[in-house]
Amino acid sequence: MVGAGAVVAGCASEPAGGKGWMPNQYNVAANWPVQVKGRVPIDSSNPAIDRDDTKCILCGQCLEVCKNVVSVYGYYELPIQNDITCIHCGQCTMWCPTGAITERNEIKKVQAALASADQHVIVQTAPAIRVALGEEFNLPPGSLVQGQQVTALKKAGFDAVFDTSWSADLTIMEEASELIKRLTTGKALPHFTSCCPGWVKFAEYFYADLQPHLSSCKSPQQMLGAVAKSYYAKEKGIAPEQIFSVAVMPCTAKKFECQRPEMNAAGILRGNPAIRDVDVVLTTRELANLLKSNGIDLSRLVDTPYDSVLGESTGAGVIFGATGGVTEAAVRTAYYLVTRQDPPAALLQWENVRGLKGVKEASVELPGVGTVKVAVCHGLRDARVVLEKVRKQQSDWHFIEFMACPGGCIGGGGQPRTSLPPSDEVRKARMANLYKLDGTAVKRASYQNKEVMDLYQKFLHAPLSEESESLLHTHYVDRSHQLKPKEKV
Ligand code: SF4
Ligand code: SF4
């Protein structure tokens, strides 16, 4: 029988970093789902993932993806030590054939905020939403609905609609500055990206010894949240306590991330640590349900631009949604920061870091700095091979991008379940339109974002300044004591 079990077993034996993600690697339509018994452990305190036991048929698809794509289940010794190991990536929600596993539904919290006369309700939408939300409204995979989703959110009652691509540009200003500091001092190389909360929690569990390599930059979601309840609040004369901050993400792990205790930077600045930088995260699927419950048909709407002062974005901010996008964006700005010149055309279409190969490698000459070697991983099974090389000091990479989900956020665990299980055709269609947006953008690099530059001029002063460090940077925890990794899987 050809089924998920057989195909996934084939993946496991495929050398990671070699052939990478094969087309349709997980598109095992024939005889799918197979009869693999069991399921991943999900407890009721999981902030991101929920399961309806009445729908679960114990087919084992969630086990397969959690083990062979995400590489969490099966990578620790049983019995479980003191918590149920989960990085909240939500890939199990994409594979579950009956819809028993879903995100933790938080639509009601948003509806309550929208109904409240006292609250100024803001929303940010991640780069990957604009090429996936349309699929929930019967548009073809990858359809670009950026302007329509802004209109839809306004119709739903949000007071301001911001673009997480704006804060992706902000992230790049901080992260490229951090990278250059590390490159010039030789400290904590290779530099690991930190914008994927699934990857971050994975590192906290399994590679806590490598934490000094993690960038201290918060994710774009959390940067925007912190800036909205400080800078935006000040610019508009709104009390931070009055702002209810919603993030629409392709991601279930972002629900976990916004609840991390340390994500209250604007509250600390205000002297009220109870204020959360982001109050609620909705997935793309939840947003579609919220719009439908309001009778809003996205496909029929005209375009509206994002709101100032957190609404401008560059092509670099938009490609954050695809694997390799963070690397390409970071290097464009790093080039500018060391040369004060725009990056060459090759860095505006850096094919070596694009696409669905499991581990991508490339290098670039940064004048005055030298050759910078990068690696890009998506899906954490392949990441383990890269991480073991770093752990054994057998690598010569300077910068490594990690994303938990295959394809990056366009393939996130909160995206529409357009194909079951997720297919590379859908991932490619979404990626193609993000790169198209970048290719046609007037501004292609983060340092060209005027609204981000205004933020520095008026509020943060400079990347890595004391103000930037307190609002935009974070720290990590060591979760290695919560599990005993398996020596051999
Ligand atoms: S959310 Fe991710 S880590 Fe958690 S059970 Fe599902 S696939 Fe595994
Ligand atoms: S790759 Fe993107 S969607 Fe997936 S866990 Fe990471 S941030 Fe979330």
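Helical content of the chain, expressed as a calculated mean residue ellipticity at 222 nm, amounts to -10000 deg cm²/dmol (DSSP H runs of 4 or more residues, -39,500 (n - 2.57) each, divided by residue number, nearest 500). What the pair-distance distribution of region 96-139 shows, using all Cα-Cα distances binned every 10 Å from zero, is 19, 34, 38, 8, 0 percent. Shown here for region 62-170: GluC sites (Glu not before Pro) in loop regions (DSSP other than H, G, I, E, B) with at most 16 other Cβ atoms within 10 Å, namely E77. Here region 276-327 and region 128-155 have alpha carbon centers that stand 8 Å from each other. Considering only DSSP beta bridges where both residues belong to the chain, give the percentage that are antiparallel (nearest 5). Bridges in the chain that DSSP calls antiparallel: roughly 35 percent. Calculated FRET efficiency, E487 to D396, Cβ-Cβ distance, R0 = 25 Å: about 0.40 to the nearest 0.05.
Largest accessible area first, the residues C217, C66 order themselves as C66, C217 under a 1.4 Å probe with ligands, DNA and RNA left out. Within region 312-367, all pairs of alpha-carbon atoms sorted by distance into 5 Å bins from zero give the percentages 4, 19, 31, 24, 15, 5, 1.
Counting protein heavy atoms only, the chain has 52 percent of its accessible area on carbon and sulfur, 1.4 angstrom probe. Probing with 1.4 Å while keeping every protein chain in the model, the per residue accessible area of the chain equals 37 Å².
With R₀ fixed at 25 Å, the C-beta to C-beta distance from A117 to A239 puts the FRET efficiency at about 0.95.
Average projection, convex hull of the Cα set of region 165-231: 4.9 square nanometres. Which log10 I(q)/I(0) values does region 276-375 give at q = 0.22 Å⁻¹ under the Debye formula, counting every alpha carbon as one identical point scatterer? Here log10 of I(q) over I(0) equals -1.16.
Taking all protein chains together and rolling a 1.4 Å probe, Y476 ends up with roughly 40 Å² accessible. What fraction of the Cα pairs in the chain, stated in percent, has a spacing above 29 angstrom? Counting every Cα pair in the chain, those more than 29 Å apart make up 45 percent. Taking the alpha carbon gyration tensor of region 331-489, multiplying each eigenvalue by 5 and rooting it gives semi-axes of 29, 23, 19 Å, largest first. Between the C-alpha center of region 221-265 and that of region 425-489 there is a gap of 15 Å.
So, taking all protein chains as they sit and a 1.4 Å probe, how much accessible area belongs to L144, in Å² rounded to tens? So the heavy atoms of L144 present about 80 Å² to solvent.
Measuring how big region 321-405 is from its alpha-carbon positions, Rg and Dmax come out at 13.1, 38 Å. Phi angles of region 297-303 translate, via the Karplus equation with coefficients 6.51, -1.76, 1.60 and θ = phi - 60°, into HN-Hα couplings of 9, 3, 5, 9, 8, 8, 8 Hz per residue; Gly and Pro are given as x.
Kirkwood radius, region 195-293, all distinct C-alpha pairs, inverse of mean reciprocal distance: 14.5 Å.
A Cα-only calculation for region 73-156 places Rg and Dmax at 17.8, 51 Å. Residue by residue, region 445-460 carries 3J(HN,Hα) couplings of 9, 4, 5, 8, 6, 5, 5, 6, 5, 4, 4, 5, 5, 8, 9, 9 Hz when phi is fed to the Karplus relation 6.51 cos²θ - 1.76 cosθ + 1.60 (θ = phi - 60°); x denotes Gly or Pro. Residue order by solvent-accessible surface for S470, S194 is S470, S194, largest first, with ligands and nucleic acids left out and a 1.4 Å probe. With all protein chains in place and ligands, DNA and RNA left out, the 1.4 Å accessible area ranks I122, I80 as I80, I122, largest first. The label point for L78 and the one for N138, both projected 7 Å from the Cα toward the Cβ, are 4.5 nm apart.
Eigenvalues of the alpha-carbon gyration tensor of region 417-489, scaled by 5 and square-rooted, set the equivalent ellipsoid semi-axes at 34, 30, 9 angstrom, largest first. For E361 and N294, the difference between the fully extended length at 0.36 nm per residue and the C-alpha to C-alpha distance is 19.5 nm.
The values are calculated or read from the model by the stated rules, or taken from the named source; none is laboratory data. Worth saying up front: this structure is predicted, and the values here are computed from it rather than measured. Ideal geometry is used to build each Cβ from the backbone, glycine not excepted, and the neighbour counts take in all protein chains shown. Ligands, DNA and RNA are stripped out before the accessible areas are found, and what is left, the full protein with its side chains, is counted by its heavy atoms. Shrake-Rupley method; radii C 1.70, N 1.55, O 1.52, S 1.80 Å.
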